[in-house]
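Coordinate-derived values only; no laboratory data. Please read these numbers as outputs of a predicted model, since none were measured by experiment. Cβ: placed from backbone, ideal geometry, glycine included. Neighbour counts: every protein chain shown.
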Amino acid sequence: MADILILAALAQEADALFPAVGATGVVPVRRLVAHGHDVAIATYGLGKVNAALAIGLLGSDADLILMTGTCGALGAAPGAYWIAEAVQHDYGAAHPGTFRRYRAGDWPMGDAGPESSGAHFSAMPDPGLGLPHARIASGDSFIACPDAAADLASLGATLVDMEVGAVAQAAGRLGKPWAAIKAVTDGANDASGGDFQANLTRAARQAAAAVERLVAML
C-alpha cells in the first residue's frame with residue numbers, strides 16, 4: 001500500500017476523481033482507499049504558490065505526489081497527456097531585450113544551459129499508461145496570446161499550465177517522486193477564455209480517468 005497525494009487546482013478537476021467524500025481543512029482534502037492505496041485528493045487553488053503550499057502542508061507523508069487537471073495546448077492535439085517534463089517559464093533573469101530562463105531554484109545568473117533541455121524537471125518513469133508524453137511550461141499567467149504561446153513552444157513545451165512546474169520543484173525538495181496527467185481545454189490563443197470554460201468538465205474527466213488507471217497500476 002502506498003500513500004498517494006493527488007493535487008488539483010480546481011474543484012471540477014478534483015471532483016472528477018473517485019467517489020466524492022467530504023473535504024475539509026485549509027487545503028480541502030478528500031481521503032479514500034483506492035486499489036489498496038491510501039489516497040488524499042487536495043484542491044489547492046490556482047497558481048504556483050498554492051500548489052507548493054499544498055505540497056508543503058500535505059506532501060511529507062506521501063510516497064508519491066500526483067497532479068491531475070487541465071492545460072492549454074502549444075500545438076498539441078486535444079486529449080490527455082503524461083507530463084514527462086516540466087519547466088517554469090516565468091523563472092529567470094531580465095536582461096536588456098531578453099528574458100533568460102533558468103531551472104527554478106537555480107541562481108538566475110551565468111550560463112543557464114540550453115533552455116530547451118537544461119531547465120526542466122523530470123517526472124517518474126511512465127509505468128505504461130499509454131498516453132502521449134509532453135513537456136509542460138508552467139507560470140503564474142493564463143496564456144491567451146499566440147505570440148506568448150509561440151515563445152513557450154520555443155522551450156520545447158507542447159502544453160502550458162499554471163502549476164505543474166511548481167509541483168515538480170516542491171516534490172523534488174521533499175525527495176518525492178511526482179507525476180502529472182493533464183488534458184487540453186484550449187489552444188492558448190485569443191479564444192482560450194471561452195474554450196477553457198466550455199471544455200473544463202470534459203477535460204477534467206479525461207485526466208481523472210487516466211489518473212484512476214494510474215493508481216490501479218501502482
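Things worth noting here:
- Within the range 116-175, being among the hydroxyl-bearing types (Ser, Thr, Tyr) and closer than 22 Å to residue 214 by Cβ holds for 122, 138, 158.
- Counted residues, the range 142-161 - those being under 16 Å from residue 8 (Cβ atoms) and either surrounded by fewer than 22 Cβ atoms within 10 Å (Cβ to Cβ) or touching a Pro at 6+ places or on another chain (Cβ under 7 Å) (or both): 0
- Those residues of the range 160-218 which are closer than 17 Å to residue 103 by Cα and of a type in the set (Asp, Glu), in sequence order: 161, 163
- Residue in the range 113-131 that is buried (at least 17 other Cβ atoms within 10 Å of the Cβ) and without any contact (Cβ under 8 Å) to a residue 40 or more places away in the chain present: yes
- With a requirement of 1 or more residues that are touching a residue at least 60 places away in the same chain (Cβ under 8 Å), among the aliphatic types (A, V, I, L, M) and closer than 14 Å to residue 78 by Cβ, the helices (runs of 4 or more DSSP H) lying completely within the range 144-218 that satisfy it span 192-217.
- Within the range 67-77, not a single residue is touching a residue at least 12 places away in the same chain (Cβ under 8 Å), more than 24 Å from residue 187 (Cβ to Cβ) and surrounded by fewer than 20 Cβ atoms within 10 Å (Cβ to Cβ).
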